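Everything below concerns the one structure shown next.
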Amino acid sequence: MNPTLLVAVDSIRALLHRRLLVALMLALLGLTAVFSVTVTKVKKSILEASELAAGISDGELTEAEQEQARQGIDQAGSFFLAGFYWFSAFGGTVVALFICCTAVASDLRRGTIHMILAKPVTRSQFLIGKYCGAIAVLFGYSLLAGIALVIFTQVNDLELNLAAQYAPWLMFCQSLMVGSVAMLLSLLLHPLLAAVVAFFASAGFFSSPNPLFFVLPSYDQFNVFGLIMNGRLIALEDILTLTIYAFDVAAIFLLLALWRFRSRDLI
Amino acid sequence: MAVIRTETLGKTYRGGTVALRGLDLEVHAGEVFGFLGPNGAGKSTTIRLLLNFIRPSGGAAYLFGQPVTCAQTRKELGYLPESVQLHSYYSGRRLLEFYASLLGLERADCSRRAGELLERLGLREAAERRISQYSKGMLQRLGMAQALINDPELLILDEPTSNLDPVARRDFRDILLDLKARGKTVFVCSHILSEVESVCDRVAILQKGELKRVGTLEELSGARGARIVVGRLPAAVIEALSATDARLTLKGRESTIVCDSQSLLEHVRQVLDDLGVDVKRVEPQMQSLEEIFFGAIDRERTA
(Lines give C-alpha, C1' and ligand atoms only; values in the text may rest on other atoms or scores of the structure.)
Protein backbone atom coordinates (compact mmCIF):
# COMPACT_ATOMS: atom_id res chain seq x y z
CA MET A 1 0.00 0.00 0.00
CA ASN A 2 1.15 3.54 -0.72
CA PRO A 3 2.80 5.26 2.32
CA THR A 4 0.44 8.24 1.98
CA LEU A 5 -2.56 5.94 2.23
CA LEU A 6 -1.04 4.09 5.18
CA VAL A 7 -0.42 7.36 7.01
CA ALA A 8 -3.98 8.47 6.19
CA VAL A 9 -5.48 5.26 7.57
CA ASP A 10 -3.30 5.54 10.66
CA SER A 11 -4.36 9.16 11.02
CA ILE A 12 -8.06 8.19 10.96
CA ARG A 13 -7.38 5.53 13.56
CA ALA A 14 -5.49 8.04 15.72
CA LEU A 15 -8.28 10.62 15.43
CA LEU A 16 -10.97 8.14 16.37
CA HIS A 17 -8.93 7.20 19.44
CA ARG A 18 -8.75 10.80 20.58
CA ARG A 19 -11.35 11.01 23.27
CA LEU A 20 -11.53 14.79 23.18
CA LEU A 21 -12.29 14.86 19.46
CA VAL A 22 -14.86 12.08 19.62
CA ALA A 23 -16.46 13.78 22.62
CA LEU A 24 -16.54 17.09 20.72
CA MET A 25 -18.14 15.51 17.65
CA LEU A 26 -20.69 13.62 19.72
CA ALA A 27 -21.43 16.73 21.76
CA LEU A 28 -22.02 18.77 18.61
CA LEU A 29 -24.31 16.13 17.12
CA GLY A 30 -26.02 15.75 20.51
CA LEU A 31 -26.58 19.49 20.77
CA THR A 32 -27.99 19.48 17.26
CA ALA A 33 -30.41 16.71 18.28
CA VAL A 34 -31.41 18.64 21.41
CA PHE A 35 -31.93 21.73 19.25
CA SER A 36 -34.07 19.67 16.89
CA VAL A 37 -36.28 18.30 19.69
CA THR A 38 -36.61 21.73 21.30
CA VAL A 39 -37.54 23.37 18.01
CA THR A 40 -40.16 20.68 17.33
CA LYS A 41 -41.75 21.24 20.74
CA VAL A 42 -41.67 25.03 20.42
CA LYS A 43 -43.17 24.90 16.95
CA LYS A 44 -45.99 22.62 18.09
CA SER A 45 -46.83 24.76 21.07
CA ILE A 46 -46.86 27.91 18.92
CA LEU A 47 -49.19 26.29 16.43
CA GLU A 48 -51.47 24.87 19.09
CA ALA A 49 -51.66 28.15 20.98
CA SER A 50 -52.22 30.20 17.91
CA GLU A 51 -55.71 31.14 16.92
CA LEU A 52 -54.28 31.43 13.47
CA ALA A 53 -53.73 27.71 13.41
CA ALA A 54 -57.28 27.16 14.57
CA GLY A 55 -58.48 29.56 11.93
CA ILE A 56 -56.73 27.63 9.19
CA SER A 57 -58.22 24.34 10.25
CA ASP A 58 -61.74 25.63 10.90
CA GLY A 59 -61.88 27.70 7.76
CA GLU A 60 -62.82 30.86 9.66
CA LEU A 61 -60.23 32.92 7.78
CA THR A 62 -60.46 34.22 4.28
CA GLU A 63 -58.40 32.48 1.58
CA ALA A 64 -55.90 35.37 1.48
CA GLU A 65 -55.49 35.25 5.26
CA GLN A 66 -55.05 31.46 5.17
CA GLU A 67 -52.35 31.78 2.45
CA GLN A 68 -50.55 34.43 4.50
CA ALA A 69 -50.68 32.24 7.57
CA ARG A 70 -49.35 29.20 5.65
CA GLN A 71 -46.48 31.31 4.32
CA GLY A 72 -45.68 32.42 7.85
CA ILE A 73 -45.55 28.82 9.08
CA ASP A 74 -43.38 27.77 6.09
CA GLN A 75 -41.03 30.65 6.79
CA ALA A 76 -40.74 29.58 10.41
CA GLY A 77 -39.94 26.04 9.20
CA SER A 78 -37.23 27.35 6.87
CA PHE A 79 -35.82 29.39 9.69
CA PHE A 80 -35.60 26.32 11.91
CA LEU A 81 -34.02 24.32 9.07
CA ALA A 82 -31.48 27.08 8.46
CA GLY A 83 -30.75 27.24 12.17
CA PHE A 84 -30.19 23.52 12.25
CA TYR A 85 -27.83 23.81 9.28
CA TRP A 86 -25.91 26.71 10.83
CA PHE A 87 -25.41 24.74 14.01
CA SER A 88 -24.01 21.67 12.28
CA ALA A 89 -21.89 23.77 9.85
CA PHE A 90 -20.36 25.69 12.74
CA GLY A 91 -19.66 22.38 14.44
CA GLY A 92 -17.98 21.14 11.23
CA THR A 93 -15.71 24.19 11.21
CA VAL A 94 -14.76 23.69 14.86
CA VAL A 95 -14.02 20.01 14.25
CA ALA A 96 -11.97 20.85 11.12
CA LEU A 97 -9.93 23.41 13.05
CA PHE A 98 -9.39 21.00 15.93
CA ILE A 99 -8.32 18.10 13.72
CA CYS A 100 -6.10 19.96 11.27
CA CYS A 101 -4.39 22.23 13.80
CA THR A 102 -3.33 19.25 15.90
CA ALA A 103 -2.66 16.76 13.07
CA VAL A 104 1.10 17.33 12.97
CA ALA A 105 1.51 19.01 16.36
CA SER A 106 0.21 16.01 18.31
CA ASP A 107 2.56 13.63 16.46
CA LEU A 108 5.45 15.98 17.17
CA ARG A 109 4.51 16.25 20.83
CA ARG A 110 4.24 12.47 21.23
CA GLY A 111 7.32 11.82 19.11
CA THR A 112 5.52 9.28 16.92
CA ILE A 113 6.34 11.38 13.84
CA HIS A 114 9.98 10.28 14.18
CA MET A 115 9.05 6.62 14.14
CA ILE A 116 7.21 7.11 10.84
CA LEU A 117 9.75 9.42 9.20
CA ALA A 118 12.56 7.01 10.09
CA LYS A 119 10.91 4.72 7.53
CA PRO A 120 11.04 5.43 3.77
CA VAL A 121 8.22 7.96 4.02
CA THR A 122 8.81 11.46 2.67
CA ARG A 123 7.64 14.50 4.56
CA SER A 124 5.21 15.27 1.73
CA GLN A 125 3.70 11.80 1.95
CA PHE A 126 3.36 12.20 5.70
CA LEU A 127 1.64 15.59 5.53
CA ILE A 128 -0.69 14.65 2.67
CA GLY A 129 -1.54 11.42 4.51
CA LYS A 130 -2.36 13.40 7.64
CA TYR A 131 -4.54 15.80 5.66
CA CYS A 132 -6.36 12.99 3.86
CA GLY A 133 -7.02 11.25 7.18
CA ALA A 134 -8.41 14.46 8.64
CA ILE A 135 -10.57 15.05 5.59
CA ALA A 136 -11.95 11.50 5.75
CA VAL A 137 -13.07 12.12 9.34
CA LEU A 138 -14.58 15.47 8.33
CA PHE A 139 -16.41 13.77 5.48
CA GLY A 140 -17.84 11.33 8.01
CA TYR A 141 -18.94 14.24 10.19
CA SER A 142 -20.61 16.01 7.23
CA LEU A 143 -22.34 12.77 6.31
CA LEU A 144 -23.69 12.37 9.84
CA ALA A 145 -24.80 16.00 9.84
CA GLY A 146 -26.55 15.41 6.49
CA ILE A 147 -28.39 12.37 7.84
CA ALA A 148 -29.37 14.37 10.91
CA LEU A 149 -30.70 17.14 8.66
CA VAL A 150 -32.90 14.67 6.75
CA ILE A 151 -34.21 13.20 10.00
CA PHE A 152 -34.87 16.71 11.31
CA THR A 153 -36.92 17.68 8.26
CA GLN A 154 -38.89 14.41 8.40
CA VAL A 155 -39.66 14.80 12.09
CA ASN A 156 -40.74 18.41 11.64
CA ASP A 157 -42.60 17.75 8.42
CA LEU A 158 -40.52 20.31 6.55
CA GLU A 159 -39.62 20.43 2.90
CA LEU A 160 -35.95 19.70 2.22
CA ASN A 161 -35.33 22.46 -0.33
CA LEU A 162 -32.49 22.29 -2.86
CA ALA A 163 -30.23 24.55 -0.86
CA ALA A 164 -30.65 22.33 2.20
CA GLN A 165 -30.00 19.18 0.13
CA TYR A 166 -26.57 20.40 -0.91
CA ALA A 167 -25.77 21.95 2.45
CA PRO A 168 -23.81 18.95 3.86
CA TRP A 169 -21.63 18.81 0.73
CA LEU A 170 -20.92 22.54 0.94
CA MET A 171 -20.19 22.10 4.64
CA PHE A 172 -17.62 19.45 3.70
CA CYS A 173 -16.11 21.71 1.01
CA GLN A 174 -15.75 24.46 3.57
CA SER A 175 -14.03 21.98 5.92
CA LEU A 176 -11.53 21.20 3.14
CA MET A 177 -10.56 24.87 2.96
CA VAL A 178 -10.61 25.58 6.69
CA GLY A 179 -8.57 22.41 7.27
CA SER A 180 -5.86 23.32 4.78
CA VAL A 181 -5.55 26.86 6.17
CA ALA A 182 -5.42 25.48 9.72
CA MET A 183 -2.77 22.93 8.78
CA LEU A 184 -0.53 25.58 7.22
CA LEU A 185 -0.91 27.90 10.18
CA SER A 186 -0.27 25.11 12.69
CA LEU A 187 3.19 24.70 11.10
CA LEU A 188 3.93 28.36 11.77
CA LEU A 189 2.12 29.07 15.04
CA HIS A 190 1.03 27.38 18.24
CA PRO A 191 -1.94 25.09 17.37
CA LEU A 192 -4.41 27.05 19.48
CA LEU A 193 -3.37 30.36 17.96
CA ALA A 194 -3.40 28.74 14.52
CA ALA A 195 -7.02 27.64 15.06
CA VAL A 196 -8.10 31.16 16.03
CA VAL A 197 -6.27 32.77 13.12
CA ALA A 198 -7.54 30.14 10.65
CA PHE A 199 -11.11 30.81 11.78
CA PHE A 200 -10.80 34.53 11.11
CA ALA A 201 -8.51 34.29 8.07
CA SER A 202 -11.39 34.51 5.67
CA ALA A 203 -11.97 37.17 3.07
CA GLY A 204 -15.57 37.19 4.24
CA PHE A 205 -14.58 38.89 7.47
CA PHE A 206 -13.27 41.89 5.60
CA SER A 207 -15.34 44.34 3.63
CA SER A 208 -14.94 44.31 -0.13
CA PRO A 209 -13.24 45.48 -2.25
CA ASN A 210 -10.22 44.31 -0.34
CA PRO A 211 -6.83 43.02 -1.54
CA LEU A 212 -7.18 40.16 0.96
CA PHE A 213 -9.88 38.70 -1.31
CA PHE A 214 -7.06 37.62 -3.62
CA VAL A 215 -5.05 35.78 -0.96
CA LEU A 216 -7.57 34.56 1.59
CA PRO A 217 -10.29 32.01 0.96
CA SER A 218 -13.87 33.13 1.19
CA TYR A 219 -16.30 30.91 3.05
CA ASP A 220 -19.27 33.21 2.40
CA GLN A 221 -20.60 31.37 -0.62
CA PHE A 222 -20.55 28.10 1.29
CA ASN A 223 -22.82 29.46 3.95
CA VAL A 224 -26.25 28.67 2.53
CA PHE A 225 -28.01 29.72 5.73
CA GLY A 226 -29.71 32.62 3.95
CA LEU A 227 -30.73 30.50 0.96
CA ILE A 228 -32.26 27.85 3.16
CA MET A 229 -34.08 30.46 5.24
CA ASN A 230 -35.51 32.17 2.20
CA GLY A 231 -36.35 28.85 0.60
CA ARG A 232 -34.33 29.83 -2.45
CA LEU A 233 -32.87 27.33 -4.84
CA ILE A 234 -29.21 26.84 -5.55
CA ALA A 235 -28.13 25.88 -9.05
CA LEU A 236 -26.11 22.74 -9.68
CA GLU A 237 -23.58 24.83 -11.64
CA ASP A 238 -23.00 26.92 -8.53
CA ILE A 239 -22.37 23.80 -6.47
CA LEU A 240 -19.86 22.64 -9.08
CA THR A 241 -18.10 26.03 -9.13
CA LEU A 242 -17.95 26.16 -5.35
CA THR A 243 -16.58 22.61 -5.23
CA ILE A 244 -13.82 23.50 -7.70
CA TYR A 245 -13.08 26.67 -5.73
CA ALA A 246 -12.83 24.72 -2.46
CA PHE A 247 -10.51 22.07 -3.92
CA ASP A 248 -8.42 24.79 -5.54
CA VAL A 249 -8.01 26.76 -2.31
CA ALA A 250 -7.31 23.57 -0.33
CA ALA A 251 -4.63 22.54 -2.87
CA ILE A 252 -2.93 25.96 -2.74
CA PHE A 253 -2.81 26.05 1.06
CA LEU A 254 -1.73 22.42 1.22
CA LEU A 255 1.16 23.18 -1.16
CA LEU A 256 2.19 26.08 1.06
CA ALA A 257 1.99 23.77 4.09
CA LEU A 258 4.17 21.20 2.26
CA TRP A 259 6.74 23.86 1.42
CA ARG A 260 6.89 24.92 5.07
CA PHE A 261 6.87 21.35 6.42
CA ARG A 262 9.74 20.25 4.18
CA SER A 263 12.05 22.95 5.47
CA ARG A 264 11.31 22.97 9.17
CA ASP A 265 13.06 21.10 11.97
CA LEU A 266 10.88 18.34 13.38
CA ILE A 267 11.66 18.55 17.08
CA MET B 1 32.04 1.48 1.73
CA ALA B 2 31.01 4.14 4.23
CA VAL B 3 27.45 3.43 5.34
CA ILE B 4 27.37 6.71 7.25
CA ARG B 5 29.39 9.70 6.12
CA THR B 6 29.28 13.26 7.31
CA GLU B 7 31.22 16.17 5.86
CA THR B 8 31.77 19.18 8.12
CA LEU B 9 28.25 18.64 9.40
CA GLY B 10 27.06 21.45 11.64
CA LYS B 11 23.88 22.50 13.36
CA THR B 12 23.01 25.76 15.04
CA TYR B 13 19.54 25.88 16.52
CA ARG B 14 17.33 28.91 16.47
CA GLY B 15 18.50 31.17 19.24
CA GLY B 16 22.12 30.59 18.35
CA THR B 17 22.84 27.38 20.26
CA VAL B 18 25.62 25.57 18.43
CA ALA B 19 24.91 21.87 18.81
CA LEU B 20 27.36 20.45 16.30
CA ARG B 21 30.50 21.89 14.69
CA GLY B 22 32.00 20.53 11.51
CA LEU B 23 31.59 16.83 12.17
CA ASP B 24 33.59 14.60 9.82
CA LEU B 25 32.77 10.99 10.39
CA GLU B 26 32.73 7.71 8.51
CA VAL B 27 31.11 4.51 9.67
CA HIS B 28 32.00 1.50 7.55
CA ALA B 29 29.84 -1.42 6.54
CA GLY B 30 29.78 -4.23 9.06
CA GLU B 31 31.16 -2.32 12.01
CA VAL B 32 29.60 -1.60 15.36
CA PHE B 33 30.29 2.04 16.05
CA GLY B 34 29.94 3.59 19.50
CA PHE B 35 29.05 7.25 19.66
CA LEU B 36 29.87 8.68 23.07
CA GLY B 37 29.69 11.98 24.81
CA PRO B 38 28.26 13.67 27.87
CA ASN B 39 24.77 15.19 27.84
CA GLY B 40 24.52 18.06 25.40
CA ALA B 41 27.53 16.88 23.40
CA GLY B 42 25.55 16.74 20.17
CA LYS B 43 24.89 13.00 19.89
CA SER B 44 21.13 13.28 19.51
CA THR B 45 21.54 16.20 17.11
CA THR B 46 23.80 14.04 14.95
CA ILE B 47 21.20 11.26 14.90
CA ARG B 48 18.43 13.73 14.04
CA LEU B 49 20.53 15.05 11.18
CA LEU B 50 21.27 11.54 9.93
CA LEU B 51 17.55 10.74 9.96
CA ASN B 52 16.65 14.05 8.31
CA PHE B 53 14.47 15.15 11.24
CA ILE B 54 16.35 18.44 11.29
CA ARG B 55 18.19 20.38 8.60
CA PRO B 56 21.93 21.02 8.88
CA SER B 57 23.23 24.57 9.20
CA GLY B 58 26.29 23.51 7.27
CA GLY B 59 27.93 20.48 5.68
CA ALA B 60 26.21 17.32 4.52
CA ALA B 61 25.33 13.82 5.68
CA TYR B 62 25.05 10.65 3.61
CA LEU B 63 23.60 7.22 4.24
CA PHE B 64 24.65 4.43 1.90
CA GLY B 65 26.33 7.08 -0.25
CA GLN B 66 23.14 9.07 -0.78
CA PRO B 67 22.08 12.35 0.84
CA VAL B 68 19.96 11.77 3.94
CA THR B 69 17.11 13.73 2.37
CA CYS B 70 16.49 10.76 0.07
CA ALA B 71 13.73 8.72 1.71
CA GLN B 72 14.83 5.51 0.02
CA THR B 73 18.02 5.46 2.13
CA ARG B 74 15.80 4.61 5.07
CA LYS B 75 14.56 1.43 3.45
CA GLU B 76 17.58 -0.41 4.85
CA LEU B 77 17.60 1.44 8.15
CA GLY B 78 16.33 0.62 11.61
CA TYR B 79 16.04 3.27 14.30
CA LEU B 80 15.45 3.03 18.02
CA PRO B 81 15.11 6.39 19.80
CA GLU B 82 16.15 7.01 23.39
CA SER B 83 12.61 7.57 24.51
CA VAL B 84 10.42 5.13 22.60
CA GLN B 85 7.14 6.78 21.62
CA LEU B 86 4.81 4.41 19.84
CA HIS B 87 1.24 4.69 18.59
CA SER B 88 -0.52 3.65 21.77
CA TYR B 89 -3.80 2.65 20.09
CA TYR B 90 -2.26 -0.35 18.31
CA SER B 91 -1.52 -3.77 19.72
CA GLY B 92 2.13 -4.80 19.64
CA ARG B 93 1.59 -7.09 16.66
CA ARG B 94 -0.49 -4.59 14.71
CA LEU B 95 2.09 -1.85 15.27
CA LEU B 96 4.88 -4.01 13.88
CA GLU B 97 2.73 -4.88 10.87
CA PHE B 98 2.01 -1.18 10.31
CA TYR B 99 5.70 -0.26 10.35
CA ALA B 100 6.52 -3.22 8.14
CA SER B 101 3.95 -2.08 5.59
CA LEU B 102 5.50 1.42 5.62
CA LEU B 103 8.73 -0.29 4.66
CA GLY B 104 7.00 -1.87 1.70
CA LEU B 105 6.96 -5.45 2.97
CA GLU B 106 4.29 -7.79 1.62
CA ARG B 107 1.38 -8.46 3.97
CA ALA B 108 2.44 -12.09 4.58
CA ASP B 109 6.02 -11.01 5.32
CA CYS B 110 4.75 -8.33 7.69
CA SER B 111 2.89 -10.91 9.79
CA ARG B 112 5.76 -13.40 9.70
CA ARG B 113 8.43 -10.87 10.70
CA ALA B 114 6.20 -9.39 13.41
CA GLY B 115 5.61 -12.86 14.88
CA GLU B 116 9.31 -13.76 14.80
CA LEU B 117 10.42 -10.55 16.49
CA LEU B 118 7.72 -10.63 19.15
CA GLU B 119 8.91 -14.14 19.99
CA ARG B 120 12.58 -13.18 19.95
CA LEU B 121 12.10 -10.15 22.19
CA GLY B 122 9.89 -11.96 24.67
CA LEU B 123 6.68 -10.15 23.79
CA ARG B 124 4.66 -13.05 22.43
CA GLU B 125 2.30 -13.08 25.42
CA ALA B 126 1.63 -9.35 25.08
CA ALA B 127 1.37 -9.34 21.29
CA GLU B 128 -2.38 -8.65 21.18
CA ARG B 129 -2.39 -6.24 24.09
CA ARG B 130 -2.76 -2.47 23.55
CA ILE B 131 0.59 -0.67 23.67
CA SER B 132 -0.83 1.80 26.20
CA GLN B 133 -0.75 -1.11 28.66
CA TYR B 134 2.94 -1.90 28.09
CA SER B 135 5.60 -1.22 30.72
CA LYS B 136 8.66 0.92 29.90
CA GLY B 137 10.82 -2.15 29.41
CA MET B 138 8.25 -3.75 27.12
CA LEU B 139 8.05 -0.53 25.10
CA GLN B 140 11.82 -0.52 24.70
CA ARG B 141 11.75 -4.13 23.50
CA LEU B 142 8.90 -3.38 21.11
CA GLY B 143 10.90 -0.38 19.92
CA MET B 144 13.81 -2.69 19.19
CA ALA B 145 11.47 -5.07 17.37
CA GLN B 146 10.21 -2.29 15.08
CA ALA B 147 13.82 -1.26 14.40
CA LEU B 148 14.59 -4.81 13.28
CA ILE B 149 11.37 -5.43 11.35
CA ASN B 150 13.03 -5.03 7.93
CA ASP B 151 16.25 -6.83 8.92
CA PRO B 152 18.10 -3.56 8.22
CA GLU B 153 21.66 -3.15 7.00
CA LEU B 154 22.12 -0.17 9.28
CA LEU B 155 20.78 0.14 12.80
CA ILE B 156 20.86 3.46 14.66
CA LEU B 157 20.32 3.03 18.38
CA ASP B 158 20.03 5.95 20.78
CA GLU B 159 20.55 4.78 24.37
CA PRO B 160 19.01 1.38 23.61
CA THR B 161 19.21 -0.05 27.11
CA SER B 162 18.27 2.99 29.17
CA ASN B 163 14.97 1.51 30.40
CA LEU B 164 15.98 -2.11 30.65
CA ASP B 165 16.70 -4.44 33.53
CA PRO B 166 20.00 -6.40 33.56
CA VAL B 167 18.48 -9.49 31.94
CA ALA B 168 16.98 -7.51 29.08
CA ARG B 169 20.29 -5.63 28.72
CA ARG B 170 22.09 -8.89 28.24
CA ASP B 171 19.50 -9.94 25.64
CA PHE B 172 20.07 -6.66 23.82
CA ARG B 173 23.81 -7.17 23.84
CA ASP B 174 23.30 -10.64 22.41
CA ILE B 175 21.15 -9.17 19.64
CA LEU B 176 23.88 -6.64 18.84
CA LEU B 177 26.52 -9.34 18.77
CA ASP B 178 24.30 -11.40 16.49
CA LEU B 179 23.88 -8.43 14.14
CA LYS B 180 27.63 -7.87 14.21
CA ALA B 181 28.22 -11.51 13.32
CA ARG B 182 25.83 -11.14 10.40
CA GLY B 183 27.80 -8.19 9.06
CA LYS B 184 25.24 -5.49 9.88
CA THR B 185 26.32 -1.94 10.65
CA VAL B 186 25.30 -0.62 14.05
CA PHE B 187 25.62 2.98 15.19
CA VAL B 188 24.98 3.10 18.92
CA CYS B 189 24.82 6.01 21.33
CA SER B 190 25.15 4.98 24.94
CA HIS B 191 26.16 6.25 28.34
CA ILE B 192 26.93 2.74 29.49
CA LEU B 193 30.59 2.55 28.57
CA SER B 194 31.09 -1.10 29.51
CA GLU B 195 28.29 -1.98 27.12
CA VAL B 196 29.89 -0.05 24.27
CA GLU B 197 33.31 -1.48 25.07
CA SER B 198 32.04 -5.05 24.88
CA VAL B 199 30.45 -4.76 21.42
CA CYS B 200 31.93 -1.81 19.52
CA ASP B 201 34.66 -2.03 16.90
CA ARG B 202 35.26 1.71 16.89
CA VAL B 203 34.18 4.60 19.02
CA ALA B 204 33.91 8.34 18.64
CA ILE B 205 33.88 10.77 21.53
CA LEU B 206 32.00 13.99 21.12
CA GLN B 207 32.01 17.01 23.39
CA LYS B 208 30.32 20.37 23.01
CA GLY B 209 29.51 19.54 19.42
CA GLU B 210 33.07 18.70 18.47
CA LEU B 211 34.58 15.35 17.68
CA LYS B 212 37.35 14.77 20.22
CA ARG B 213 38.55 11.28 19.38
CA VAL B 214 37.68 8.52 16.97
CA GLY B 215 39.19 5.10 16.39
CA THR B 216 39.39 1.53 17.63
CA LEU B 217 39.97 0.97 21.32
CA GLU B 218 43.54 -0.13 20.51
CA GLU B 219 44.18 3.04 18.57
CA LEU B 220 42.74 5.26 21.25
CA SER B 221 44.73 3.68 24.06
CA GLY B 222 47.88 2.96 22.01
CA ALA B 223 50.14 5.56 23.60
CA ARG B 224 49.57 4.27 27.12
CA GLY B 225 52.70 2.08 27.49
CA ALA B 226 53.23 -1.63 28.03
CA ARG B 227 54.09 -4.49 30.35
CA ILE B 228 57.43 -6.19 29.68
CA VAL B 229 57.71 -9.81 30.74
CA VAL B 230 61.23 -11.12 31.36
CA GLY B 231 62.84 -14.05 33.21
CA ARG B 232 64.57 -13.99 36.57
CA LEU B 233 66.51 -10.71 36.83
CA PRO B 234 70.04 -10.33 38.13
CA ALA B 235 70.60 -7.79 40.93
CA ALA B 236 72.41 -5.35 38.62
CA VAL B 237 69.36 -5.11 36.38
CA ILE B 238 67.01 -4.62 39.34
CA GLU B 239 69.24 -1.83 40.54
CA ALA B 240 69.31 -0.19 37.11
CA LEU B 241 65.51 -0.41 36.78
CA SER B 242 64.89 1.00 40.22
CA ALA B 243 66.48 4.20 39.03
CA THR B 244 63.61 4.58 36.50
CA ASP B 245 59.86 5.14 37.00
CA ALA B 246 59.07 1.58 35.86
CA ARG B 247 57.27 -0.70 38.34
CA LEU B 248 58.92 -4.04 38.83
CA THR B 249 57.17 -7.17 40.04
CA LEU B 250 59.21 -10.30 40.78
CA LYS B 251 57.16 -13.47 40.78
CA GLY B 252 58.93 -16.84 40.77
CA ARG B 253 60.83 -17.36 37.54
CA GLU B 254 59.14 -14.45 35.82
CA SER B 255 59.38 -10.72 36.33
CA THR B 256 57.16 -8.00 34.91
CA ILE B 257 58.11 -4.40 34.33
CA VAL B 258 55.18 -1.99 33.93
CA CYS B 259 55.87 1.15 31.90
CA ASP B 260 53.16 3.82 31.95
CA SER B 261 54.33 5.77 28.94
CA GLN B 262 55.82 5.17 25.55
CA SER B 263 59.02 7.07 26.39
CA LEU B 264 59.54 5.07 29.58
CA LEU B 265 58.96 1.86 27.65
CA GLU B 266 61.66 2.80 25.15
CA HIS B 267 64.07 3.75 27.94
CA VAL B 268 63.54 0.50 29.83
CA ARG B 269 63.98 -1.58 26.68
CA GLN B 270 67.28 0.22 26.11
CA VAL B 271 68.42 -0.58 29.66
CA LEU B 272 67.44 -4.24 29.24
CA ASP B 273 69.24 -4.44 25.89
CA ASP B 274 72.36 -2.86 27.35
CA LEU B 275 72.43 -5.37 30.20
CA GLY B 276 71.72 -8.29 27.88
CA VAL B 277 68.34 -9.26 29.37
CA ASP B 278 66.20 -11.50 27.20
CA VAL B 279 62.67 -10.06 26.79
CA LYS B 280 60.00 -12.82 26.69
CA ARG B 281 57.14 -10.61 25.52
CA VAL B 282 55.79 -7.08 25.52
CA GLU B 283 52.07 -6.66 26.29
CA PRO B 284 50.60 -3.30 25.30
CA GLN B 285 48.76 -1.78 28.22
CA MET B 286 45.16 -1.04 27.15
CA GLN B 287 43.22 1.76 28.66
CA SER B 288 39.62 0.93 29.41
CA LEU B 289 37.00 2.84 27.44
CA GLU B 290 36.09 4.65 30.62
CA GLU B 291 39.68 5.88 30.96
CA ILE B 292 39.75 6.94 27.31
CA PHE B 293 36.39 8.68 27.65
CA PHE B 294 37.26 10.60 30.79
CA GLY B 295 40.71 11.32 29.41
CA ALA B 296 39.13 13.07 26.41
CA ILE B 297 36.53 14.89 28.50
CA ASP B 298 38.92 15.92 31.30
CA ARG B 299 41.48 17.20 28.82
CA GLU B 300 38.80 19.49 27.46
CA ARG B 301 37.75 20.59 30.94
CA THR B 302 41.35 21.36 31.88
CA ALA B 303 41.83 23.31 28.67
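The values are calculated or read from the model by the stated rules, or taken from the named source; none is laboratory data. All values derive from a computational prediction rather than experimental measurement. Cβ placement follows ideal geometry from the backbone for every residue including glycine, while neighbour counts extend to all protein chains displayed. For the accessible areas, the whole protein counts, side chains as well, though only heavy atoms, and no ligand, DNA or RNA atoms are used. Shrake-Rupley method; radii C 1.70, N 1.55, O 1.52, S 1.80 Å.
Based on the Stokes-Einstein relation at 25 °C and a viscosity of 0.890 mPa s, and on the Kirkwood radius from alpha carbon pairs, region B:58-99 is assigned a translational diffusion coefficient of 193 µm²/s.
Taking the 1.4 Å solvent-accessible surface of region B:120-172 as the whole, the part contributed by carbon and sulfur is 44%. In whole percents, the pair-distance distribution calculated for region A:111-200 from its alpha-carbon pairs, binned every 10 Å from zero, is 15, 33, 28, 16, 7, 1. Compactness of region B:186-225 is given as radius of gyration and Dmax, 10.7, 31 Å, from Cα positions. From helices alone, the protein assembly as shown scores -18500 deg cm²/dmol at 222 nm; the rule is -39500 (n - 2.57) for each run of n ≥ 4 DSSP H residues, then divide by the residue total. Neighbouring Cβ atoms from other chains, within 10 Å of the Cβ of residues in A:107-117, number 5 on average.
Which parts of region B:100-143, residue by residue, lose 50 Å² or more of accessible area when the rest of the protein chains are there, as against the chain isolated (1.4 Å probe)? Correct list: B:Leu102. Gain on full extension, evaluated as 0.36 nm per residue between B:Tyr89 and B:Arg14 minus their Cα-Cα distance, stands at 23.6 nm. Sorted from greatest to least, the principal axis extents spanned by the alpha carbons of region B:63-167 come out as 39, 32, 23 Å.
You can think of it this way: the chain between A:Gln154 and A:Glu237 has 27.2 nm of extra reach, that is 0.36 nm per residue less the Cα-Cα gap.
Spin-label pair A:Ala136-B:Ser242: with each label point 7 Å from Cα along the Cα-Cβ axis, the two points sit 8.6 nm from one another. Taking label positions 7 Å along the Cα-Cβ direction at both B:Glu254 and A:Arg109, the computed distance is 6.5 nm, reported to one decimal. Solvent exposure of the protein assembly as shown, expressed per residue, is 48 Å² of accessible area, with all protein chains present and a 1.4 angstrom probe. Put simply, the Cα atoms of region B:1-124 extend 45, 32, 24 Å along their principal axes, the longest span coming first.
Computed from the mean reciprocal separation of all distinct C-alpha pairs, what Kirkwood hydrodynamic radius does the protein assembly as shown have, in Å? Value: 29.0 Å, from the Cα pair sum.
At a temperature of 4 °C and a viscosity of 1.567 mPa s, determine how fast region B:225-295 diffuses translationally according to Stokes-Einstein, using the Kirkwood radius over alpha-carbon pairs as Rh; express D in µm²/s, rounded to the nearest whole number. It diffuses with D of about 103 µm²/s by this estimate.
The interface between chain B and chain A buries about 2500 Å² of solvent-accessible area in total (1.4 Å probe, ligands and nucleic acids excluded).
Across the accessible surface of region B:20-115, with the other protein chains kept in place and a 1.4 Å probe, carbon and sulfur atoms take up 43 percent. Comparing B:Val258, B:Val188, B:Val27 in a Gaussian network model of chain B, where Cα atoms under 10 Å apart are tied by springs, the biggest mean-square fluctuation is seen for B:Val258. Across all Cα pairs in region B:1-64, the calculated P(r) in 10 Å bins from zero up to the longest distance comes to 22, 55, 21, 2 percent per bin. Taking only the C-alpha atoms of region B:103-213, Rg followed by Dmax gives 15.3, 47 Å. Potential lengthening of the chain between A:Ile267 and A:Trp86 amounts to 61.3 nm, from the contour at 0.36 nm per residue minus the alpha-carbon distance.
The tail of the calculated P(r) for chain B, taken as Cα-Cα distances beyond 38 Å, holds 30 percent of the pairs.
Comparing B:Ala246, B:Leu275, B:Leu25 along the charge dipole axis of the protein assembly as shown, the residue lying farthest to the positive side is B:Leu275, per the Cβ-charge model. The equivalent ellipsoid that matches the C-alpha gyration tensor of region B:127-273 spans semi-axes of 48, 17, 13 angstrom, in descending order.
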